[in-house]
Amino acid sequence: DASDIEKGTYPHYMLKEIDEQPAVLRKIIQAYQGPDGNLQLEDETIGALTRADRIYIIAAGTSSHAGLVGKEYFEKLAGIPTEVHISSEFGYNMPLLSERPLFIFISQSGETADSRQVLVKVKEMGHPSLTVTNVAGSTLSRESDYTVLLHAGPEIAVASTKAYTAQIAVLAILASCAAEVKGHPAQFDLVHELGIAATAVETMIDRKEEMETISFDFLEMTRNAFFIGRGMDYHVSLEGALKLKEISYIQAEGFAGGELKHGTIALIEEGTPVFALATQAAVSANIRGNVKEVTARGAKACILSMEGTEEAGDRIVIPAVHPMLTPLVSVIPLQLISYYASLHRGCDVDQPRNLAKSVTVE
Ligand code: G6P
């Protein structure tokens, strides 16, 4: 429907798509809820998941960052060992495979050539494949054995936002359905917790002015920026850095907090912005220790924590959500901060230089 992809009163598709995220999450819950209110998937899809002795997630760009979060779900909820691979590497440098691998392709467009070359190879080898995509009828969807849709609606801005959160939600649903069939006890009520996360996303979206101020305070004059986190927060720090660099051209790097001292700390100067994600109680003290290491060397730190893990002085505190679902919420301020950085620098938010929405060449 063409009216779905109008910008309406929005200055940019990216902002519109950021705003759509609570509705997308609710739509996903609905789409995968059975008549009894429980999450459900097609039997064949569940069968493919439960037969696998190992999952290989194959994706590029933002979709690979969602894959990193997905790995946590498959391993921690369903007990299925999972690896995440960059498409462009996997096909040409294939690791040793397990006996019963399942390949999960994550692709907003379903058209990424780097991912398709892997699909062609694993099909030749006779392995099962499942595509998680926003586009029904896309190449990857047509050519793989199973498809699970994102229901995010058309994503137009080159920088992916709502597809990332949709991918995370759908991967959680896949893992939770697999867990149920495998008889793993449910660790939490996913439908309920996704609903809470959707509301928290809404809360963060309503805090745009605050994010614009943070963007101004931390990024106005800088040439680089760093994002650090541990565990779930590490995965989101990679996405935060990618978002910022792709639309504002500020050199940005995301990495594990503990790796700082092994190299990157050499780049910290007076005023270097460091966004530190501290939503995970288990590693909150460690990441705060890393913040001390950089601020002692002049860095300007913006700590993003969660109600329950927050300390006085944290610049961004997201509402409390289940610790496994924090990426859905913590990424929102990072998307907004990147958006405003791009806007303030006069960059083309929706069509950044040198980038394409879907890359159909290897
Ligand atoms: C391009 C886009 C990225 C996207 C990546 C993977 O590089 O610019 O935003 O994350 O492709 O796209 P896909 O459609 O496979 O998720």
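The values are calculated or read from the model by the stated rules, or taken from the named source; none is laboratory data. Worth saying up front: this structure is predicted, and the values here are computed from it rather than measured. Glycine gets a Cβ as well: all are built from the backbone with ideal geometry, and neighbour counts include every protein chain shown.
Limited to the stretch 183-192, what total is found for residues that are surrounded by fewer than 18 Cβ atoms within 10 Å (Cβ to Cβ) and at pLDDT 95 or above?
If we filter the stretch 183-192 for residues that are surrounded by fewer than 18 Cβ atoms within 10 Å (Cβ to Cβ), which is where we start, we get 183-189, 191-192.
If we keep only those that are at pLDDT 95 or above too, we end up with 188-189, 191-192.
The number of residues fulfilling the criteria is 4.
What is the number of the single condition among (1) under 21 Å from the mean Cα position of the chain (by Cα); (2) closer than 19 Å to F74 by Cα that S141 does not meet?
(2)
Determine, yes or no, whether L171 is more than 12 Å from the ligand (Cβ to nearest atom), in contact with a strand residue (DSSP E or B) (Cβ under 6 Å, 6 or more places away or on another chain) and outside any loop (DSSP other than H, G, I, E, B).
no
Quick check, is S305 hydroxyl-bearing (S, T, Y) and either in contact with a His (Cβ under 6 Å, 6 or more places away or on another chain) or assigned to a helix (DSSP H, G or I) (or both)? Steps first, please.
Numbers: hydroxyl-bearing (S, T, Y): yes; either in contact with a His (Cβ under 6 Å, 6 or more places away or on another chain) or assigned to a helix (DSSP H, G or I) (or both): no.
In short, no.
Take the stretch 323-362 and flag every residue that is surrounded by 24 or more Cβ atoms within 10 Å (Cβ to Cβ) and within 13 Å of the ligand (Cβ to nearest atom).
Q335, S338, listed by residue number.
Does T295 qualify as being without any contact (Cβ under 8 Å) to a residue 60 or more places away in the chain, β-branched (V, I, T) and surrounded by fewer than 19 Cβ atoms within 10 Å (Cβ to Cβ)?
Values: without any contact (Cβ under 8 Å) to a residue 60 or more places away in the chain: yes; β-branched (V, I, T): yes; surrounded by fewer than 19 Cβ atoms within 10 Å (Cβ to Cβ): yes.
Here the answer is yes, as T295 does meet what is asked.
Of the residues in the stretch 110-137, how many are crowded, with 21+ Cβ neighbours inside 10 Å and within 14 Å of the ligand (Cβ to nearest atom)?
Of the residues in that region, 12 qualify.
Considering the stretch 226-267 alone, what residues qualify as being assigned to a loop (DSSP other than H, G, I, E, B), away from the ligand (no atom under 15 Å from the Cβ) and at pLDDT 95 or above?
Across the stretch 226-267, the qualifying residues are R230, G231, I250.
Please verify whether the stretch 202-218 includes one or more residues that are surrounded by 17 or more Cβ atoms within 10 Å (Cβ to Cβ), more than 30 Å from I80 (Cα to Cα) and within 15 Å of the ligand (Cβ to nearest atom).
no
For the stretch 25-56, how many residues meet the condition of being of a type outside the set (F, W, Y) and touching a His at 6+ places or on another chain (Cβ under 7 Å)? Steps first, please.
Initial filter on the stretch 25-56 (of a type outside the set (F, W, Y)): 25-31, 33-55.
The next check asks that each one be touching a His at 6+ places or on another chain (Cβ under 7 Å); those that pass are 27-28, 31.
Summing the residues that are of a type outside the set (F, W, Y) and touching a His at 6+ places or on another chain (Cβ under 7 Å) in the stretch 25-56 gives 3.
Filter the stretch 62-76 for residues that are within 16 Å of the ligand (Cβ to nearest atom) and out of contact with any helix residue (DSSP H, G or I) (no Cβ under 7 Å at 6 or more places or on another chain); which is nearest to H184 (Cα to Cα)? Before the answer, list the steps.
Of the stretch 62-76, the ones within 16 Å of the ligand (Cβ to nearest atom) are 62-70.
Among the residues that remain, those that are also out of contact with any helix residue (DSSP H, G or I) (no Cβ under 7 Å at 6 or more places or on another chain) are: 64, 67.
Numbers: S64: 26, G67: 21 Å.
Only one residue tops the list, namely G67.
So is L190 among the aliphatic types (A, V, I, L, M) and either more than 25 Å from P22 (Cα to Cα) or over 17 Å from the mean Cα position of the chain (by Cα) (or both) or not?
Yes; evaluated as a whole, the condition is true for this residue.
Which members of the stretch 30-58 meet the condition of being free of Cβ contacts under 8 Å to residues at least 12 places away in the same chain and either exposed (fewer than 14 other Cβ atoms within 10 Å of the Cβ) or of a type in the set (A, V, I, L, M) (or both)? Explain how you work it out, then say what you get.
Going through the stretch 30-58, the residues free of Cβ contacts under 8 Å to residues at least 12 places away in the same chain turn out to be 30, 34-36, 43, 47.
Scanning the stretch 30-58 gives Q30, G34, P35, D36, D43.
Which of the residues that make up the stretch 43-61 are within 14 Å of the ligand (Cβ to nearest atom) and small (G, A, S)?
A59, A60, G61
Residues of the stretch 77-109 being within 16 Å of the ligand (Cβ to nearest atom), touching a strand residue (DSSP E or B) at 6+ places or on another chain (Cβ under 6 Å) and among the β-branched types (V, I, T), which ones?
V84, I104, I106
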